[in-house]
Amino acid sequence: MKSTNELSFATRAIHVGYDDSEAKGALNPPVYMSSTFTFQNTNEGGARFSGKSKGHFYSRISNPTLEVLEKRFAALEETEAGLCFASGMGAITSVLWTFLSAGDEIITDDTLYGCTFAFIHHGLSRFGIKVTSIDMSDPKQLKAAISDNTKIVYFESPANPNMKLVDIAAIAKIAKANNALTVVDNTYCTPYLQQPLNLGADIVVHSATKFLSGHGDLIAGLAAGREELMTRVRLEGLKDMTGAVMDPLTAHQLLRGLKTLSIRMDRHCSTALELAKLLETHPLIAKVSYPGLTSFAQNDLANSQMRGGGGVMTIELSGGFGQATRFMDALQMIKRAVSLGDADSLIQHPASMTHSAYTEKERAAHGISESLLRLSVGLEDVRDIWNDLHQALQIAGQPIICAA
Ligand code: 3LM
């Protein structure tokens, strides 16, 4: 077989990191359900603990099934090393605890997934870490804010929930010039649509609960970056500070999910684009935010750093929150649920659900409208999704008759 970097993305997602001759020819890697690993003698144990010899010794630090996933995921992000976590929040907290100390500063974009926002703004700030939030879609704001104390520059692109994009290369360049690490949450895109490390970022973090696994049946996180950085996260943030280790069965399910990632992402993108175009011409829709639309304010940036628009969009109805609720409640096939990136289409109301960790004031200050709905486009037939959206819009558009 060709070496990893000569293989295409879809092939890497199926083959990298596993040699079946080491597992009696099993097509899929064995699931090593073992918390601990034995040593031949005392010396060997000591050498593993000190890092002098390679090998597994305890599954909070490493495990052979997770190792396959880590190698495969690093190959997809085109970097040296990957790392598994129990959840996306496990990945984010482990990375940030590793590189931040009291007195340091983290600069974040002003729009973040609700629990990430809560962890950084309400959590890290309790431990003497300065938190500064700016509109990172304007790199000049980072230039003005960054200082010698800034250790991490953190953002999502597209941002959850308002779909704002950040110019990854421009931001990473400014951070690098100031010796700060750029950490990008790449959950919405997956490495199939966007590779932040190739644009200059240092670490990517993911909620693997979403597109990477793709079926809404597990909670998991992944990170990737240079070996030296990932080793620090493994031995500090993961081993000692969060303990947020992935279960080997989850790694097995994720390896299965990754095998179909490229074809699933192509389908998410084509269906979402078709629906976004139909929705934006509907009289009841005030705004659709989807990076693949030419009407999207940052469509040029989307075309330059993303390979497709992704599977998530936001919708605002002309009749405001009341009408949005009637629309959401009238849906028959599309499920009302948080999370995204599943085979099933999902819809939710960020202000009262995923972003309820923000106070109302914070939502207003951070660009999260109260009437926004987020649609995660699934893998159903596009006609069936449209029919459901269309019938629900018809119901939402009917005049409300008040009983006297
Ligand atoms: C959600 N998001 O519905 P886990 N980063 C991003 C995310 O969207 C998420 C995480 C990290 C949602 C979850 S809300 C209760 C449900 C961009 C999760 C965190 O720890 O694997 O859930 O990832 O937007």
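The values are calculated or read from the model by the stated rules, or taken from the named source; none is laboratory data. In this text the structure is predicted, and so the values were computed from the model without any measurement. Methodologically, a virtual Cβ is constructed for each residue, glycine included, from the backbone with ideal geometry; neighbour enumeration extends over all protein chains shown. Note: areas computed on protein heavy atoms with side chains; ligands, DNA, RNA excluded. Shrake-Rupley method; radii C 1.70, N 1.55, O 1.52, S 1.80 Å.
Remarks
- Checklist (1) open to solvent by less than 10 Å² (accessible area, probe 1.4 Å); (2) farther than 18 Å from Glu236 by Cβ applied to Leu96, failing item: (2)
- Segment 151-234 holds helices (runs of 4 or more DSSP H) entirely within its bounds, and those carrying 2 or more residues that are more than 30 Å from Leu379 (Cα to Cα) map to 168-177, 227-232.
- Single residue of segment 347-365 satisfying the filter (outside any helix (DSSP H, G or I), out of contact with any Leu (no Cβ under 8 Å at 6 or more places or on another chain) and of a type outside the set (A, V, I, L, M)) that is farthest from the ligand (Cβ to nearest atom): Thr359
- Hey, Ser87 within 13 Å of the ligand (Cβ to nearest atom), hydroxyl-bearing (Ser, Thr, Tyr) and open to solvent by 20 Å² or more (accessible area, probe 1.4 Å) or not: yes
- Qualifying position, being hydroxyl-bearing (Ser, Thr, Tyr), within 12 Å of the ligand (Cβ to nearest atom) and either closer than 25 Å to Thr111 by Cβ or open to solvent by 30 Å² or more (accessible area, probe 1.4 Å) (or both), among Ser339, Ser304: Ser339
- Applying the condition of being open to solvent by 10 Å² or more (accessible area, probe 1.4 Å) and near the ligand (Cβ under 7 Å from one of its atoms) to segment 210-227 and asking which residue is farthest from Ile263 (Cα to Cα) yields Ile219.
- Options Ala170, Ala118, Ala144: the member that is out of contact with any Asp or Glu (no Cβ under 9 Å at 6 or more places or on another chain), more than 30 Å from Asp266 (Cα to Cα), open to solvent by 10 Å² or more (accessible area, probe 1.4 Å) and more than 13 Å from the ligand (Cβ to nearest atom): Ala144
- Among the residues of segment 316-346, those that are closer than 20 Å to Tyr290 by Cα, in a helix (DSSP H, G or I) and in contact (Cβ under 8 Å) with a residue 60 or more places away in the chain comprise Ala324, Phe327, Met328.
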